[in-house]
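Please read the structure below before turning to the comments.
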Amino acid sequence: MAFECQDGPEVSKKLVDCVQNPCANHTGSNQFTSIPKTEKTSLVSSEFDSKPDKEKVSLSEPLSEFHSRKSIITSAVSKQFLANDVLPTFCRSITDLPPALISEILNCLDPKELGIVSCVSATLYKHAADHHAWKEFYCERWGLPTPPLGLGYSDEKSWKDLFVEREFRSKTFMGRYSTDVLYGHTEAVRTVFLLASANLIFTSGYDTVVRMWNMEEGLSIASSRPLGCTIRAVAADTKLLVAGGTDGFIHGWKAVEQLQHLFDLKGSQSHSSEFRLWEHEGPITSLSLDLTRMYSGSWDMTVRVWDRFSLKCLKVLRHSDWVWGLVPHDTTIASASGSDVYVWDSSSGILMTIIHNAHVGNTYSLARSHTGNFLFTGGEDGTIHMFEITTHCAETTVFQVATWIPHSGPVHSLAFEFPWLVSASSDGKMSLIDVRKLLRTKNSASSKRISRGKHVDKNSVEPPQRMLHGYGSNLFAVDIGVDRIVCGGEEGVVRIWNFSQALEIEKRIRALRRIRLENRIRRRKLRIEMDSKGQTDQCSVAAKKNPINGDRGGVWNNKRGVSSKLKA
């Protein structure tokens, strides 16, 4: 047979390319040639042995090099063929990546996508269930749970369990509810505050008395002495309770450790727990607290920042009109003055940006998301606006995300707990707005999750998901927490909308669904086991003994004929 020397190096070159790039020539099959390994090796050897002696001598030096290269290639090819024989459809998956890389990939997903990934395999379930992103998701929406009194909080629960439980609770506001009416105030209720972590509700109004209620039982716990003026604002946490009135004073109570309900409103045990602050020259319309500071807004056109430990005024933020509301977040504070909305740096007192003419008329109410990125405003024109606040390179910009017009009267109060925005209006109605569809979660360069508003058409914004009504008129205050909505108005009563009934019903429904699914899986496994053993059930045996389409002369098939003969 004829053989030319240049074919040997060419074949070896192709083999080397196949070994170095095994996927280059794959076209749907894991084998790169149709010639088996043994035939290919023997073919090359026979061709070299068939050469004349002269050619063998002339090719002795390159031949030795070629044989050494051939042995290496042959061993590599044999290894690849062995791997292909053992795993003919082998392909790498995400589980083969290092855990750190898998964690970075999962960090780019939102909660729904992360939950879907956890259902793929046991390995991905372990990575997704224990991922640190669940804590970020929870804190971004609701903040850190309070360990002693936080509903649903336990050291034994993972962050994923906490997130799923809280997300499940947030969906109950579309279910059944019961209404509790709290009587005690003698005049209109101007302000309500729900402290869900302690199961307490604080209310006040024109009767100048601050009342404390039990959220679960709806019973009055304590009431303060008459403070001598209309109370228009109340704020509280587990350490401090403050109330602001039309006389310009801030009345405060510090928590008492021995008391079960935190505050001694009557002042019977210790007078050192009660204090008063006076700096404003006009009625106080809004109050708020954070970990280190206290904020107050007044009709004297100022917002004052206080140190909550020393009770000293730190900053005075001056406006051009009456201040109707304020909402702080971290080092910024948003305030409503006239028809404008101001955003301040609370540390330096520098004005960051202004939203001019946010509403037609006064801007009465403000609410803010827990991350501080989203600001909600309600005004005299009955509209509700949603704005996004972004800060980049020390420049703050605000753009409008959505607008709703659910009321025919001024919106006096707003409250937000993800994903529900609740509004109270003078038309006697409350609206519940789900803002979940207007948000999108992104992953920034600093690996911190931030939510941003979607650029949607104003005409495509959904109306409020639910309207709660039944009042005469003039709802002045509303607050939301966990599975409760509390409101007060001109009637002088406090109403609690309790959605825990919907939560219990939904839990029972889910438990029944889980039982049905387990029974279905059990029956399927049993059927598979019976089929694998070659057994048949009793129904199939009975069907073989009495075939329906078999003998047409049977009793059942001739029933009509027999009956007709009897009639004849």
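The values are calculated or read from the model by the stated rules, or taken from the named source; none is laboratory data. None of the values given here were measured: they were computed from a predicted structure. As a convention, Cβ positions derive from the backbone with ideal geometry for all residues, glycine included, and neighbour counts pool all protein chains shown. What goes into the accessible areas is simple: the full protein's heavy atoms, side chains included, and nothing from ligands, DNA or RNA. Shrake-Rupley method; radii C 1.70, N 1.55, O 1.52, S 1.80 Å.
Express the carbon and sulfur contribution to the solvent-accessible surface of the range 94-146 as a percent, rounded to the nearest whole number, probe 1.4 angstrom.
Working: 1810 of 2870 Å².
Roughly 63 percent, rounded to a whole number.
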> Assuming R0 = 45 Å, what is the FRET efficiency of Thr403 and Glu216, from their Cβ-Cβ distance, to the nearest 0.05?
Replying inline: 0.75
> How much length, in nm to one decimal, is gained on full extension between Lys254 and Val164, taken as 0.36 nm per residue of separation minus their Cα-Cα distance?
Replying inline: 28.9 nm
> Taking amide H positions as placed 1.01 Å from N in the peptide plane, with prolines and chain starts having none, which residues 5 or more places from Phe249, or on another chain, fall under 5 Å of its amide H?
Replying inline: none
> For Trp278 and Tyr125, FRET efficiency with R0 = 35 Å and r from the beta-carbon atoms, rounded to 0.05?
Replying inline: 0.05
>> In 10 Å bins starting at zero, report the fraction of Cα pairs in the range 334-446 per bin as a rounded %.
In response: 13, 46, 31, 8, 1
> Using heavy-atom solvent-accessible surface (probe 1.4 Å) with all chains present, what is the largest-first order of His251, His329?
Replying inline: His329, His251
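For the range 89-136, which trypsin sites (Lys or Arg not before Pro) are both in a DSSP coil and crowded by at most 11 other Cβ atoms within 10 Å?
Filter output for the range 89-136: Arg92.
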> Amide H to amide H, which residues 5 or more places from Gly205 or on other chains are under 5 Å from it, using H placed in the peptide plane?
Replying inline: Arg190, Ile231
> Separation between the Met174 and Lys157 pseudo-spin-labels, each 7 Å from Cα along Cα→Cβ, expressed in nm?
Replying inline: 2.2
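Report the charge-dipole magnitude of the range 154-257 in Debye, nearest 20, computed about the Cα centre from +1 at each Lys and Arg Cβ and -1 at each Asp and Glu Cβ.
Approximately 240 debye in magnitude.
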>> Report the gain in length on full extension from Arg523 to Cys313: 0.36 nm times residue separation, minus Cα-Cα distance, nm rounded to one decimal.
In response: 68.5 nm
> Ignoring any ligand, DNA or RNA, what whole percent of the accessible area of the range 264-304 comes from carbon and sulfur when the probe is 1.4 angstrom?
Replying inline: 50
> How big is D, in µm² s⁻¹, for the range 237-376 by Stokes-Einstein at 25 °C and 0.890 mPa s if Rh is the Kirkwood radius over C-alpha pairs?
Replying inline: 157
> What's the extension gain from Ile116 to Ile505 if we count 0.36 nm per residue and subtract their Cα-Cα distance?
Replying inline: 137.5 nm
> Based on the Kirkwood radius over alpha-carbon pairs, what is the Stokes-Einstein translational diffusion coefficient of the range 94-146 at 25 °C with 0.890 mPa s viscosity, in µm²/s?
Replying inline: 213
> Ignoring ligands, DNA and RNA, what accessible area per residue does the range 94-146 give at 1.4 Å, in Å²?
Replying inline: 54
> Given a 1.4 Å probe and the protein chains all in place, what does the accessible area of Arg527 round to, in Å² to the nearest 10?
Replying inline: 140
> Taking the Cβ-Cβ separation of Leu351 and Asp96 as r and a Förster radius of 41 Å, what is the calculated FRET efficiency to the nearest 0.05?
Replying inline: 0.15
> Net charge near Trp324, counting Lys/Arg +1 and Asp/Glu -1 over other residues with Cβ under 11 Å of its Cβ?
Replying inline: -2
